[in-house]
Amino acid sequence: MTSRMTRTLFTALMALTLSACALFSHRDPVNINVVGIDPLPGQGLEMRMAVKLRLQNPNETAIDYNGVALDLDVNGKLLASGVSDQQGSIGRFSETVLVVPVSVSAFSALRQAVGLTQTQRLDNVPYTLRGKLAGGVLGTVRFSDSGTLSLPQATAGDW
């Protein structure tokens, strides 16, 4: 009798789980674009930047968030990472600009500089941005963006 009751309870639990999944409608991914990078004051050998992200919500419901984290890879190597405890909401079929401070260690900057001088390419440098918006009713929303950057060429007059 106990195994029959356990089986019945397990079947009922599975049915409830499947019906709960049906309540959550499919959500389209959030569109994220890097729209700017501005310098910030740093400490010691650290560089700081404010990465501006345009977030677009193509869904019928708002996305609430209570934190953001991101990693910025340049030329296939991690360059910067940052977190922020910002809170907000991206309305349905709406967009917003989010500014996230990121840190670049001296070691990461040196590694990038060595990599760029070895390839001698300062235009069309590939980047990948990965991150997440934490919180909300449906949990964490992950995002990524990639493309190329064109870095200014240094001339003798710049030194």
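The values are calculated or read from the model by the stated rules, or taken from the named source; none is laboratory data. Here the structure is a predicted model, which means the values were calculated and not measured. Here the Cβ is made from the backbone with ideal geometry for all residues, glycine too, and neighbour counts use every protein chain on show.
Observations on the model:
- Filter result for the condition that a residue is touching a helix residue (DSSP H, G or I) at 6+ places or on another chain (Cβ under 9 Å), modelled with pLDDT under 90, not in a loop (DSSP other than H, G, I, E, B) and not aromatic (F, W, Y), over L9, L16, L79: L79
- Within segment 82-97, considering residues that are assigned to a strand (DSSP E or B) and under 27 Å from G44 (Cβ atoms), the one farthest from the chain's Cα centre (by Cα): S84
- Filtered by the rule that a residue be in contact with a Ser or Thr (Cβ under 7 Å, 6 or more places away or on another chain) and either surrounded by 12 or more Cβ atoms within 10 Å (Cβ to Cβ) or at pLDDT below 80 (or both), segment 134-154 gives A134, S144.
- Subset of segment 61-95 [of a type outside the set (A, V, I, L, M), surrounded by 14 or more Cβ atoms within 10 Å (Cβ to Cβ) and in contact (Cβ under 8 Å) with a residue 40 or more places away in the chain]: D64, Y65, G67, D71, D73, N75, E95
- Residue tally, condition among the small types (G, A, S) and closer than 20 Å to R130 by Cα, over segment 22-70: 4
- Among the candidates D123, D71, D158, the residue that is among the charged types (D, E, K, R) and either closer than 30 Å to T61 by Cβ or at pLDDT 85 or above (or both) is uniquely D71.
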